[in-house]
Every structure is written in structure tokens, then in C-alpha cells.
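A.B. asks: Quick one: the structure is below, and I'll ask about it shortly.
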Amino acid sequence: MPDDTSIPRPVALLGYGGLIPFAASAIGAWLPVHWAPLAAFVFMGYSAAILAFLGGLQWGIALEPGSDRCTERLTVGVLPALVAAVALPLGVRSGSILLLVAFLLLLGWEFGRNRAAMPAWYMRLRLHLTAGVALFHLVLLARYAMQ
């Protein structure tokens, strides 16, 4: 019987490895002025893409035969991509705040409404990864708060 609490190794490697671009670009935003805008651009684009990906996961769950709350999942699944599209033209400060709030709200929804549909390891991984994403958003925001 598979262990529902252990994060599968490939999932852990890919999931935690997905934090590397967040870390590199957030830290890169603290480099000399000519590199900072590029790093912030990369950060914002990657953050928007990952947020949209998390929405897409809800579509995958909703399309499974016997999925509960299908309409709710499909709706929630579309919202992250829409938020990401709105966040990008807002600029680094406002856009990053919007993306950060969206990551946190999606995590809250998943814990409240999605927990039973997912293995225990997934929810633990989501919590860890969202904490990392939030941390790197704060690193980026600290850089741009000083301007």
C-alpha cells in the first residue's frame, strides 16, 4: 500500500526545484541597477506562469470522472491565469503584491475545499512551496520598496 504522506521523490525534486527561478530572480533584483529590471521581469513572468499552472491543476482534477464540485473547480482554475494577466502590466510592486495575494488565496481555497481530493503529501508540498514563493515575493518587494 503506497504511503499517502511521503512526497514522491520526483515530485519533490521538481516542486522544490521550481523555487530556484524564484530565488535566483528575486536575489538578482538586488544586483546592480542594469541587471535588476531584467531579474524583476523574469520573476514576474515566472510567478504569473506558476500561478496559472496551479489553476490548471484544478481543471485536471475537475475533468477526472466522478470529480466533485466540478463547476467550482473549473471556475477557480481559470481565475489564477486571469489574475496573472492583470498583475503583469501593473509593474513590479503592485503586480507582485497581487500575485502574492493570489498564491495565498489559492492555497487557502485548496486547504478549505480541495483537501479531501488530494493526497496528504500534496497539501504539505503546496504549503512548503507557497511559503517559498511568498518569501521570494517579499525579497523582491523589499528591493522595490526602497525606490
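The values are calculated or read from the model by the stated rules, or taken from the named source; none is laboratory data. Please read all numbers here as calculations on a predicted model, not as lab measurements. Cβ coordinates were reconstructed from backbone atoms using ideal geometry, including for glycine residues, and neighbour counts include every protein chain displayed.
A.B. asks: Among the residues of the stretch 21-29, are any loosely packed, with under 14 Cβ neighbours inside 10 Å, at pLDDT 95 or above and not aliphatic (A, V, I, L, M)?
C.D. replies: The first filter runs over the stretch 21-29 and keeps only residues loosely packed, with under 14 Cβ neighbours inside 10 Å, leaving none.
No, the stretch 21-29 has no match at all.
A.B. asks: Spot the failing condition for Leu98; the list is (1) surrounded by 15 or more Cβ atoms within 10 Å (Cβ to Cβ); (2) touching a residue at least 24 places away in the same chain (Cβ under 8 Å); (3) of a type outside the set (Asp, Glu); (4) out of contact with any His (no Cβ under 7 Å at 6 or more places or on another chain), and only one is missed.
C.D. replies: (2)
A.B. asks: Take the residues in the stretch 90-138 that are touching a Leu at 6+ places or on another chain (Cβ under 8 Å) and among the hydroxyl-bearing types (Ser, Thr, Tyr); name whichever of them is nearest to Gly15 (Cα to Cα).
C.D. replies: Among those residues, the one meeting the criterion is Thr130.
A.B. asks: In a helix (DSSP H, G or I) and under 17 Å from Val139 (Cβ atoms), is that true of Tyr122? Walk me through it before giving the result.
C.D. replies: Numbers: in a helix (DSSP H, G or I): yes; under 17 Å from Val139 (Cβ atoms): no.
Criteria not met by Tyr122.
A.B. asks: Also, I was wondering about something else. Within the stretch 46-72, can you find the residues that are over 30 Å from Ala23 (Cα atoms) and either touching a helix residue (DSSP H, G or I) at 6+ places or on another chain (Cβ under 7 Å) or not aliphatic (A, V, I, L, M) (or both)? Give the derivation first.
C.D. replies: From the stretch 46-72, those over 30 Å from Ala23 (Cα atoms) are 62-72; that's our starting set.
Those that are over 30 Å from Ala23 (Cα atoms) and either touching a helix residue (DSSP H, G or I) at 6+ places or on another chain (Cβ under 7 Å) or not aliphatic (A, V, I, L, M) (or both): Ala62, Glu64, Pro65, Gly66, Ser67, Asp68, Arg69, Cys70, Thr71, Glu72.
A.B. asks: Under 8 Å between Cβ atoms, at least 6 apart or on separate chains: pull out the pairs that start in the stretch 28-48 with a residue that is free of Cβ contacts under 8 Å to residues at least 12 places away in the same chain and end on any residue that is surrounded by 14 or more Cβ atoms within 10 Å (Cβ to Cβ).
C.D. replies: From residues that are free of Cβ contacts under 8 Å to residues at least 12 places away in the same chain, the pairs are Leu31/Ala39; Trp35/Gly28; Leu38/Gly28.
A.B. asks: Tally the residues that are of a type in the set (Gly, Ala, Ser) and surrounded by 15 or more Cβ atoms within 10 Å (Cβ to Cβ), restricting the search to the stretch 68-95.
C.D. replies: Of all residues in the stretch 68-95, those of a type in the set (Gly, Ala, Ser) come to 77, 81, 84-85, 87, 91, 94-95.
Filter once more, so that each one left must be surrounded by 15 or more Cβ atoms within 10 Å (Cβ to Cβ): 77, 81, 84, 87, 95.
Here the count works out to 5.
A.B. asks: Quickly run through the stretch 114-128 and pick out the residues that are more than 14 Å from the chain's Cα centre (by Cα), surrounded by fewer than 15 Cβ atoms within 10 Å (Cβ to Cβ) and of a type outside the set (Lys, Arg).
C.D. replies: Ala116, Ala120
A.B. asks: Looking at the structure I just gave you, is Ser47 out of contact with any Asp or Glu (no Cβ under 7 Å at 6 or more places or on another chain), within 22 Å of Tyr144 (Cβ to Cβ) and surrounded by 14 or more Cβ atoms within 10 Å (Cβ to Cβ)?
C.D. replies: Working: out of contact with any Asp or Glu (no Cβ under 7 Å at 6 or more places or on another chain): yes; within 22 Å of Tyr144 (Cβ to Cβ): yes; surrounded by 14 or more Cβ atoms within 10 Å (Cβ to Cβ): yes.
Here the answer is yes, as Ser47 does meet what is asked.
A.B. asks: On to the next question. Among the numbered conditions (1) surrounded by fewer than 20 Cβ atoms within 10 Å (Cβ to Cβ); (2) under 30 Å from Leu38 (Cβ atoms), tell me where Leu106 comes up short.
C.D. replies: (1)
A.B. asks: I've got another one for you. If you go through the stretch 129-143, how many residues are surrounded by 15 or more Cβ atoms within 10 Å (Cβ to Cβ) and either in contact (Cβ under 8 Å) with a residue 40 or more places away in the chain or over 14 Å from the mean Cα position of the chain (by Cα) (or both)?
C.D. replies: Count: 9.
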